[in-house]
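Encoded as structure tokens, the structure appears first; notes follow it.
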Amino acid sequence: MLHHYINQFLGYCQLADFSVRSIQALAIRLNEFEAFLKSQRIQSVKKVPYRHLIDFVADYKTPSIHVRKSRVWMLRQFYHFLTLHRIVAENIATGIPYPKIEKTVPQFLTIDEYNRLIHYFSRKAQDILELRNLIIIMLLGMLGLRTSTLIAVNIEDIDLTCGLVWIREKGRRRRNLIMPQSLCNIIHNYLQLRKGGRG
């Protein structure tokens, strides 16, 4: 019976326009939850007590803090769905606290280290591949892009005339960033080499 509700819930998430990655994460956590309920010999989602939800989040297969946070999110979403469809009377998962994740201080290159990196890649930028590598280093350093954001940038996202690059961020947001003229010039040279078929 639980499997039936899980499938309905995942279909609901697709209709609610959850991202593919979110739905995949939910499916993984729901499968864990189903296995946990079987291990506890609980047959119906209507008969799951709050303490079992806490046990699942905190102890089932000794999860990392990130997995525990993901489990809380899944349970809150799933029980919200079950409440909406009157499968359960109330969302007992709303009381489960999110675990606190210690914030790590990011490490940055010093200006001197970044300049040495640029100097190294500038000297090597003799062909199209090395020029591309220089552009990657400059985009990461000058614009402060995440690696995942940089990977999603396409040539169509760059406007050299205005000196802008459109980026996609978490949560499907898009915004533009202003590029320094030196970076625009290097990208222009790279694109000319690509058109010429060199490399």
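Derivation of every value follows stated rules applied to the coordinates shown; laboratory data play no part. Predicted model only: the values in this text are computed from it and were never measured. All Cβ positions, even for glycine, are placed from backbone atoms using ideal geometry, and neighbour counts span all protein chains on display.
A compact table of results
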| quantity | calculated |
| --- | --- |
| Counted charge near Phe56, where neighbours are those whose Cβ lies closer than 9 Å (Asp, Glu -1; Lys, Arg +1) | -2 |
| Positive-end residue of Phe18, Thr149, Ile87, charge dipole of the chain with Cβ unit charges | Ile87 |
| Rule-of-thumb Rg ratio for the stretch 2-95 [Cα; 2.2 N^0.38 Å; N residues] | 1.00 |
| Within a Gaussian network of the chain (alpha carbon springs, distance under 10 Å), most fluctuating of Thr147, Thr161, Thr62 | Thr161 |
| Magnitude of the charge dipole, the chain, Cβ model with Lys/Arg +1 and Asp/Glu -1, debye to 20 | 420 |
| Cβ-based exposure ranking for Trp73, Trp166, in which fewest neighbours within 10 Å come first | Trp166, Trp73 |
| For the stretch 111-196, size of Cβ-based charge dipole, Lys and Arg +1, Asp and Glu -1, in debye | 320 |
| Principal axis dimensions, the stretch 111-196 - Cα atoms, whole angstrom, descending | 37, 34, 20 |
| Footprinting exposure proxy for Ile136, Ile187, Ile178, Ile151 (fewest neighbouring C-beta atoms within 10 Å first) | Ile151, Ile178, Ile136, Ile187 |
| Cross-link partners of Lys38 among lysines (Cα-Cα below 27 Å; sequence separation of 8 or more within a chain) | Lys46, Lys47, Lys61, Lys69 |
| Ranking of Asp17, Asp59, Asp157 by count of other Cβ atoms within 10 Å, fewest first | Asp17, Asp59, Asp157 |
| Which listed pairs, of Lys103/Lys170; Lys100/Lys170; Lys170/Lys195, have C-alpha distances above 30 Å, in listed order | Lys170/Lys195 |
| Efficiency of FRET from Cβ geometry, Glu102 and Lys46, R₀ 41 Å, rounded to 0.05 | 0.65 |
| Ala27-Arg175 FRET efficiency (beta carbon distance; Förster radius 25 Å; 0.05 resolution) | 0.25 |
| Residue-count net charge about Ile92 - beta-carbon cut-off 15 Å; Lys, Arg +1, Asp, Glu -1 | +4 |
| Relative contact order, percent, the chain [alpha-carbon distance under 8 Å, six or more residues apart] | 12 |
| Mean Cα-pair separation over length for the stretch 2-95, i.e. relative contact order, pairs under 8 Å, 6 or more apart, % | 26 |
